[in-house]
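Comments concern the structure below.
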Amino acid sequence: MKTAVMFSGQGAQHPGMMRDIFEQYPTARGIFDKGSALLGKDIYELSMNATQEELDRTENTQPCLLTCELAAFHVYQELGLPCDASLGFSLGEWTALAAAEAADEPDIIAFIAKRAAAMQRAVPAGEGGMAAILGKDAQFVTELCQSIGDVYPSNYNCPGNITVSGTACAIDKVLEEAAVQEFMASKVAISIPSHCPLMLPAAEELHQAIQGLALREPQKQFVMNATGISTRDIHIIR
């Protein structure tokens, strides 16, 4: 039997995350220390003691969540648990790259700081967001977004669970429609509209930076977000 390790993306963060692991395992503390030194800010303090609002700001969320996931994976390895393949959603895909030994952790941490800043610049905090729609199919969600405008289907998580991204005003309209039409929808804890055309300025800014990121062939199977396929081809991964 083979084991895959999966890492989550933005929206999973909460103040105090990893506190028990941090207190129990020196390995985890070491990763927090390295991340803080690289980024010039106290990742532990932000992860443990920031307010939810502070932690939900993308420039804080991404470095904190990445560091927590790296620390958790190091503890996982220390416990002798297997990892034959890695995958992760959105931000978690970067932790999966480290788990697959396709990139060095300091390089990934530094890149994520650039990524978070670029994404927040593309749509300032408070001007965009995301919401999860439950119990509706892709056609319904697509038509809903088209009728509202400035909001897009962004994550097809599973049948009956689709995330939409857009301007803050459009997201509020999605929630209003949910109340009127009696379907389930809730905001995602994120300060930007990820995975939609509003992030194109960030994509353009990061395109050149990612060309310079040192990547090597993964030592484990690596499963891509965009395609769902497993690959070791660094050109496809890049």
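Once you charge only the Cβ atoms, +1 for Lys and Arg and -1 for Asp and Glu, what is the size of the charge dipole of the chain about its Cα centre, to the nearest 20 debye?
Working: 16 positive and 29 negative charges, 82 e Å.
It works out to roughly 400 debye.
Once a ≥ b ≥ c are taken as the square roots of the eigenvalues of the Cα gyration tensor of region 47-100, is the result rounded (a/c under 1.5), prolate (a/b larger than b/c) or oblate (a/b not larger than b/c)? All intermediate terms of the calculation are to be shown ahead of the outcome.
Working: a/c = 3.84, a/b = 1.80, b/c = 2.13.
It is oblate, given that a/c is not under 1.5 and a/b is not larger than b/c.
Can you give me the distance in nm between label points at ALA37 and THR227, each placed 7 Å from the Cα along the Cα-to-Cβ direction?
Label at ALA37, label at THR227, 3.8 nm between them.
For region 4-21, what does the Karplus curve 6.51 cos²θ - 1.76 cosθ + 1.60, with θ = phi - 60°, yield as ³J(HN,Hα) per residue in whole Hz, taken in order and with x for Gly and Pro?
9, 10, 10, 10, 8, x, 4, x, 8, 6, 7, x, x, 4, 6, 4, 5, 5
In nm, to one decimal, how far is the LEU175 label point from the GLN219 one, both placed 7 Å along Cα→Cβ?
4.5
Among ALA179, PRO153, CYS169, flag the residue with its Cα farthest along the positive direction of the charge dipole of region 113-220, charges on Cβ as +1 for Lys/Arg and -1 for Asp/Glu.
PRO153
In deg cm²/dmol, rounded to 500, what helix-only [θ] at 222 nm does the chain give when every DSSP H run of at least 4 residues adds -39500 (n - 2.57) and the total is split over its residues?
Counting only the DSSP helices, I get -15500 deg cm²/dmol.
Output wanted: per-residue J couplings in Hz (rounded whole) for region 213-220, from phi through Karplus 6.51 cos²θ - 1.76 cosθ + 1.60, θ = phi - 60°, x for Gly and Pro.
6, 6, 10, 9, 4, x, 8, 10
Between LEU79 and ALA138, what is the FRET efficiency for a Förster distance of 30 Å, r being their Cβ-Cβ separation, to the nearest 0.05?
That gives a FRET efficiency of 0.15.
Give me the net charge for the shell around VAL164: Cβ to Cβ below 15 angstrom, other residues only, Lys and Arg +1, Asp and Glu -1.
Its environment carries a net charge of -3.
In the chain, which helices (entire DSSP H runs) extend 18 Å or more along their own long axis, judged by Cα positions, while averaging at least -0.5 on the Kyte-Doolittle scale?
Values: long enough: 26-39 (20 Å, 0.19); 58-78 (30 Å, -0.10); 105-122 (25 Å, 0.22); 168-181 (20 Å, 0.61).
Membrane-span-like by this rule: 26-39, 58-78, 105-122, 168-181.
Can you tell me which of MET184, MET130, MET199 moves the most in a GNM of the chain? Springs connect C-alpha atoms under 10 Å apart.
Judging by the Gaussian network model, the answer is MET184.
Can you work out the accessible area per residue across the chain, with the rest of the protein chains kept in place, probe 1.4 Å, in square angstrom?
Values: 11500 Å² over 238 residues.
That works out to 48 Å² per residue.
Determine the share of region 1-87's accessible area contributed by carbon and sulfur atoms, expressed in whole percent, with a 1.4 angstrom probe. Display every interim value, and only then the final one.
Numbers: 2280 of 4250 Å².
Here carbon and sulfur together make up 54 percent of the probe-accessible area.
For the pairs LYS41/LYS220; LYS34/LYS220; LYS114/LYS220; LYS136/LYS173, note any where the Cα-Cα span goes beyond 28 Å. Please list the in-between numbers first.
Details: LYS41/LYS220 32 Å; LYS34/LYS220 24 Å; LYS114/LYS220 26 Å; LYS136/LYS173 17 Å.
Correct reply: LYS41/LYS220.
Using θ = phi - 60° and the Karplus curve 6.51 cos²θ - 1.76 cosθ + 1.60, what whole-Hz ³J(HN,Hα) does each residue of region 47-53 get, with Gly and Pro shown as x?
5, 8, 10, 5, 6, 4, 4
Can you give the accessible area of HIS14 in Å² (nearest 10), computed on protein heavy atoms with a 1.4 Å probe?
Surface open to solvent at HIS14 totals about 90 Å².
The values are calculated or read from the model by the stated rules, or taken from the named source; none is laboratory data. Quick caveat: nothing in here was measured; it's all calculated off a predicted structure. Virtual Cβ from ideal backbone geometry, glycine too; neighbours counted across all protein chains shown. SASA here: full protein model, heavy atoms, side chains in, ligands and nucleic acids out. Shrake-Rupley method; radii C 1.70, N 1.55, O 1.52, S 1.80 Å.
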